[in-house]
1. Which FRET efficiency, nearest 0.05, do B:Leu123 and B:Trp352 yield, Cβ-Cβ r, R0 56 Å?
2. Averaged per residue, what accessible area in Å² does the protein assembly as shown show with a 1.4 Å probe, protein chains only?
3. I'd like the distance between the alpha-carbon centres of region A:142-158 and region A:93-140, rounded to an integer number of Å.
4. How shielded is B:8-20 by partner chains, expressed as the average number of their Cβ atoms within 10 Å of its Cβ atoms?
5. What does the average come to when, for each residue of peptide B:372-382, you count the partner chain Cβ atoms lying within 10 Å of its Cβ?
6. Per-residue ellipticity at 222 nm for chain B, helices alone: DSSP H runs ≥ 4 residues times -39500 (n - 2.57), over residue total, nearest 500 deg cm²/dmol?
7. Can you work out the Karplus-derived ³J(HN,Hα) for every residue in region B:98-104? Use 6.51 cos²θ - 1.76 cosθ + 1.60 with θ = phi - 60°, whole Hz, and x for glycine or proline.
8. I want to check the label-to-label distance for B:Lys260 and B:Asp240. Put each point 7 Å from Cα in the C-beta direction and report it in nm to one decimal.
Amino acid sequence: MSLLELKNVSKIYGNLHALDHVSLKVEKGEWLAIMGPSGSGKSTMMNIIGALDKATEGEILLDGEDISKKNARALTDIRRDKIGLIFQQFHLVSYLTAVENVMLAQYYHSIPDEKEALEALDRVGLANRAKHYPSQLSGGEQQRVCVARALINYPEIILADEPTGNLDEANEEIVVELFRRLHMEGTTLVVVTHNPEVAEVAQRTIVLRNGRVDHETVNENFTGKIKHITLQ
Amino acid sequence: MKKRRMYFRMITASLLRRRSRMVIALLAISIGAMILSGLVTIYIDVPRQMGAQFRSYGANMIVTSDGDTITTKQADAVREIVPQDKLVGMATYRYETVRVNDRPVMAAAADMEQVQKTSPFWLVDGAWPAAESEIMIGKNVAELYNLKPGKRMTCTFAPETETEAEGNETEEVVLDNWIDFTVTGILDTGGKEEDYVYMLPSDMEKLTGEPTEYDICELSVSAGSEELKAVAEQITNEVDGVSARLVKRVTESEDTVLSKLQSLVLLVTIVVLALTMICVATTMTAVVAERRKEIGLRKALGASNQSIISEFMGEGIVLGACGGLLGGLLGFLFAQAVSRNVFNSSITLMPWLVPVTILASVAVTGAACLIPIKSATQVDPALVLKGE
Ligand SMILES: Nc1ncnc2c1ncn2[C@@H]1O[C@H](COP(=O)(O)OP(=O)(O)OP(=O)(O)O)[C@@H](O)[C@H]1O
Ligand SMILES: [Mg+2]
């Protein structure tokens, strides 16, 4: 059984089909990249997978459970328990420190544990920035805090919508490296990107166009090997 | 337990680290709470304050004899019944007709110190009589005899002929009962007092040769009309031979002024309450608006509507409590300042008002937060998290 399965999913705004009968399977532990031109429906799809939005038609099976008919409250529970989200604009709470931002995800999920949150920050190489506020961190550092926040509750799947869109190359490299490590640990990853370099490190890439899956490529050279980038 | 700690950590962080916005809300709440507690203090204290003020309008209770005259013993009994801290003054009068240049003039004898207390509005040109053979005369008397302070005036007492008919003629004719007074002051009241002359009881005793007894007793008591009624009843019931009644004209106008003043204070309180609520609601609406992304993020992380409500309500309640505490303390100073300036006296401190103000301010803030918080729960995370 696939971890995630979309069956004929459509999202219709007025007469615009942002998603048009999309079907897709993502296996447990898989690393999938989604590409496509602007307006092709990538974010729409991510929001539906991430239980932030509801499809107009179709079924979404997450862990064998159909989430397409669930009400807002049930979707909140699914986001909390099964999904880790990473955004292009980071979205950190400005008045909380890095470690508090990570603890926020724990707070809604179960119980905040500062030690565990610090370990997560250590994993993304930010142990010495734990008490900094987002405004005191660089864009790359902020995104690494977001990665720590997304992985802290061991979600079934991590969804990242253009995680490197606001980062320079060096930071992009670091974030990709973090994904590689998560993948090695068995985390399922879905990453939307405009950047072919970010896409080609994934196992598989699907390309959306006008709300449909245009084509799909499998990365033959996928190694999953960890490069040795020092995180600091 | 840990969860609760994180909750407080978030709320305090939000309040402390986003100071500028919160300071405005806090200011609005404290000022509202200050005026509120100040006005409540004044509202409660105003009868006391005004009571003292009203006493300048003269006596509000009159005691008369059921028979002929009030004895000194009866007067003392009356004085004892009135609560001492509320008794502003008690003046006893004895009236007799005396003759000046063979014309009859009404003379009153009274303790001038007490008269000044019960009738503080009397205008005296010159001085009040303080020693024997000193007399204060009404304006009309002064005009009639063309007298000024410092001049002399002789009063003669002529016993009534009927009573003397059977008495011994020799003593009756004695013209010893006259006194050569010095006029100390001219009395201007705008009333019947201007036809009278005022002397000390000892002079009256000398003039009439009779021991001091009173015709009427005027009391100025600083109390509300209900309490006054009770005191009057007690006097009538407990002191034999006298009855007390209220000067309706005075007590009723006091009641009207008081109730008007209190309803004015109440009205202002309600307006201030409404204004505070509007201000807090506006601030909270702005706070929610500028934190839509944060709310969306919290929801994306799995925050239920309940969590969002409890977080914002928590901030509101902390703000309300701090504002209430600050306002409650400032309110006392405010009431004190108003009291000093308007009533010329200081206010009684009511410590229970501080917790009450805090509770009221928390309730008002909470109510003001309801609508903004409702809009916070309606934030759609998918919408607010994308873009820019
Ligand atoms: N809430 C909405 N109401 C109406 N139309 C919408 C809404 N959200 C998205 N759309 C439309 O749906 C289409 C797909 O949008 P989507 O955000 O998924 O594109 P995208 O592939 O993520 O683009 P980009 O690469 O620029 O982020 C667009 O044409 C967009 O205008
Ligand atoms: Mg997008």
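The values are calculated or read from the model by the stated rules, or taken from the named source; none is laboratory data. Since we're looking at a predicted model, the values are computed, not measured. When we count neighbours, we look across all protein chains shown, and the Cβ atoms used for this are built from the backbone with ideal geometry, even at glycine. With ligands, DNA and RNA removed, areas are computed over all heavy atoms of the protein, side chains included. Shrake-Rupley method; radii C 1.70, N 1.55, O 1.52, S 1.80 Å.
1. Efficiency computed from Cβ-Cβ geometry: 0.80.
2. 48 Å²
3. Distance between centres, Cα-based: 10 Å.
4. On the way: counts 0, 6, 8, 0, 1, 6, 4, 1, 1, 6, 2, 1, 0.
Going residue by residue through B:8-20 and averaging, the value is 3.
5. 2
6. Details: 14 runs with 223 residues, N = 388.
Calculated at 222 nm, the ellipticity per residue is -19000 deg cm²/dmol.
7. Values, residue by residue: 10, 10, 10, 6, 6, 10, x Hz.
8. 4.6 nm
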